[in-house]
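Engineer: Before I ask anything, let me first share the structure, which is written out below as structure tokens.
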Ligand code: NIG
Ligand code: FE
């Protein structure tokens, strides 16, 4: 979905950029970034970017841009942004968020501080199930307002494309309401939102002990209704101990396929599940990936499926262990980073913070973290033909950071250095001199 009531300058020139991270490969190779190619940011020094009607039309040095005869002739028609020798990169693609909820889970937070873990809290009635009531009682307008606020906060931190999941309504009516709220918020936003149906987030209390009946409801009623209304692009499943089994996930993926929806899953957050049976459905992404067998890495590396790490969840759940990113990268798996914004395990809206955690706790280099948060995030949402890189023909989604070296983006943590975003050609705010 891509909308915006905002004023879109026809011609937009960003110039005087110290480092422009294009995320394009000189070889012209296409496909998700793996291994060494994750570190190639395609940097142009002293750069400029010209955009027309929401698309990027040319990329090069500021000197060449200003010498261009066509641009000189049309200069008066151009809205110019002097980037003041800052860093410009593709707007982040946050490929995993859960924004359709109403309340923070402060009791869970305190219980965890006192020693309980995520699964114990869920078994005692907290966790995902404790967010259901709020969503079922909320009006669509209230949920829309909440999702809009999240999109604005994400954009302020440099994110221009967001995947947004339902998953706290867990009945037909409230899942539809959540996805409709996501659609309404997307309409009001200048950015891009990719909606995902996550009915298989938890078994709701009224189906307690009857999970197969709930899975049948998802497959036979919810997925057809959502597909018919075009409310989601993806179907997601929380496939883990205490959530849904691989067999249940396969049944849900089969129903999604039948209705023309692509699939993705939460995998290996709490326990190991073998990936083989689900890779057959060509999921766009498998997310968390804390517990994955070595034996599954070659098949994952041969596939187009992205392994998306969400280190904000490890941080917020107080875990000392993080996914072993080096093992994935060295096996040739294409990896992405996302916030996993949600009220239980990751109330975090900052992609730079996710990148900082990936650098400090997962030993990803700053360059790898940037590729994982941009171009590979775009592959994880199957929008890499439009998003995640700065090249002619792509959407004009850019983030200007108030730094002079890209490595500062994950270096300065718990502070927001994003000075401006451009979403589908619409600039937000003004840069200070
Ligand atoms: O990705 N693991 C499942 N889903 C979310 C948590 C959702 C919640 O606790 O509300 C996650 O971490
Ligand atoms: Fe999640």
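Engineer: Would you be able to tell me the number of residues in region 235-262 that are within 16 Å of ligand 2 (Cβ to nearest atom), surrounded by fewer than 23 Cβ atoms within 10 Å (Cβ to Cβ) and not in a loop (DSSP other than H, G, I, E, B)?
Structural biologist: 1
Engineer: Do we find a residue being within 13 Å of ligand 1 (Cβ to nearest atom) and either within 18 Å of residue 182 (Cβ to Cβ) or in contact with a strand residue (DSSP E or B) (Cβ under 6 Å, 6 or more places away or on another chain) (or both) anywhere in region 220-232?
Structural biologist: No, that holds for no residue.
Engineer: Using beta carbons and a limit of 7 Å, which pairs, at least six apart or on different chains, have the first residue in region 326-344 and closer than 30 Å to residue 116 by Cα and the second one modelled with pLDDT under 95 and within 16 Å of ligand 2 (Cβ to nearest atom)?
Structural biologist: none
Engineer: Still on this structure, please answer the following. Could you please let me know if residue 27 is touching a helix residue (DSSP H, G or I) at 6+ places or on another chain (Cβ under 8 Å) and at pLDDT below 95?
Structural biologist: no
Engineer: Does region 130-144 include one or more residues that are more than 16 Å from ligand 2 (Cβ to nearest atom), under 30 Å from residue 419 (Cβ atoms) and without any contact (Cβ under 8 Å) to a residue 60 or more places away in the chain?
Structural biologist: Checked region 130-144: at least one residue is more than 16 Å from ligand 2 (Cβ to nearest atom), under 30 Å from residue 419 (Cβ atoms) and without any contact (Cβ under 8 Å) to a residue 60 or more places away in the chain.
Engineer: Just for region 186-211: of the residues that are in a helix (DSSP H, G or I) and either within 15 Å of ligand 1 (Cβ to nearest atom) or in contact (Cβ under 8 Å) with a residue 60 or more places away in the chain (or both), which one is nearest to residue 124 (Cα to Cα)? Please lay out each step first, then the result.
Structural biologist: Taking region 186-211 and keeping what is in a helix (DSSP H, G or I), we get 186-188, 205-207, 211.
Keeping just the survivors that are either within 15 Å of ligand 1 (Cβ to nearest atom) or in contact (Cβ under 8 Å) with a residue 60 or more places away in the chain (or both) gives 186-188, 205.
Numbers: 186: 35, 187: 38, 188: 38, 205: 12 Å.
Ranking the qualifying residues of region 186-211, first place goes to 205.
Engineer: With the condition kept exactly as written, say whether any residue in region 337-348 is surrounded by fewer than 19 Cβ atoms within 10 Å (Cβ to Cβ), in a loop (DSSP other than H, G, I, E, B), under 16 Å from the mean Cα position of the chain (by Cα) and modelled with pLDDT of 95 or more.
Structural biologist: Within region 337-348, one or more residues are surrounded by fewer than 19 Cβ atoms within 10 Å (Cβ to Cβ), in a loop (DSSP other than H, G, I, E, B), under 16 Å from the mean Cα position of the chain (by Cα) and modelled with pLDDT of 95 or more.
Engineer: Could you check residue 378 against (1) in a loop (DSSP other than H, G, I, E, B); (2) within 12 Å of the chain's Cα centre (by Cα) and say which number it fails?
Structural biologist: (1)
Engineer: Scan region 13-49 for residues that are without any contact (Cβ under 8 Å) to a residue 60 or more places away in the chain, part of a strand (DSSP E or B) and under 26 Å from the mean Cα position of the chain (by Cα) and jot them down.
Structural biologist: Scanning region 13-49 gives a single hit, 44.
Engineer: Let me ask something else. Can you name the condition, by its number, that residue 185 falls short on among (1) farther than 30 Å from residue 415 by Cβ; (2) crowded, with 22+ Cβ neighbours inside 10 Å?
Structural biologist: (1)
Table: residues versus (1) at pLDDT below 95; (2) closer than 17 Å to residue 342 by Cα; (3) surrounded by fewer than 20 Cβ atoms within 10 Å (Cβ to Cβ); (4) in contact with a helix residue (DSSP H, G or I) (Cβ under 8 Å, 6 or more places away or on another chain).
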position	(1), (2), (3), (4)
102	no, yes, yes, yes
106	no, yes, yes, no
110	no, yes, yes, no
123	yes, no, yes, no
128	no, yes, no, yes
133	no, yes, yes, no
144	no, yes, no, yes
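Condition check ((1) free of Cβ contacts under 8 Å to residues at least 40 places away in the same chain; (2) under 20 Å from residue 275 (Cβ atoms)) across all residues:
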| position | (1), (2) |
| --- | --- |
| 231 | no, no |
| 239 | yes, yes |
| 243 | no, yes |
| 247 | yes, yes |
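Engineer: Regarding region 318-330, can at least one residue be identified that is within 30 Å of residue 135 (Cα to Cα) and within 10 Å of ligand 1 (Cβ to nearest atom)?
Structural biologist: No, the conditions are met nowhere in region 318-330.
Engineer: Criterion first (within 16 Å of ligand 1 (Cβ to nearest atom), touching a strand residue (DSSP E or B) at 6+ places or on another chain (Cβ under 9 Å) and assigned to a loop (DSSP other than H, G, I, E, B)) does residue 270 satisfy it?
Structural biologist: yes
Engineer: Something else: Suppose we keep only residues that are outside any helix (DSSP H, G or I) and under 21 Å from the mean Cα position of the chain (by Cα) within region 293-306. Which one would you say is surrounded by the most Cβ atoms within 10 Å (Cβ to Cβ)?
Structural biologist: So, considering only residues that are outside any helix (DSSP H, G or I) and under 21 Å from the mean Cα position of the chain (by Cα), the one surrounded by the most Cβ atoms within 10 Å (Cβ to Cβ) is 306.
The values are calculated or read from the model by the stated rules, or taken from the named source; none is laboratory data. Nothing here was measured: the structure is a model prediction, and the numbers come from that model. FYI the Cβ positions are ideal-geometry reconstructions off the backbone, even for glycines, and counts take in every protein chain you see.
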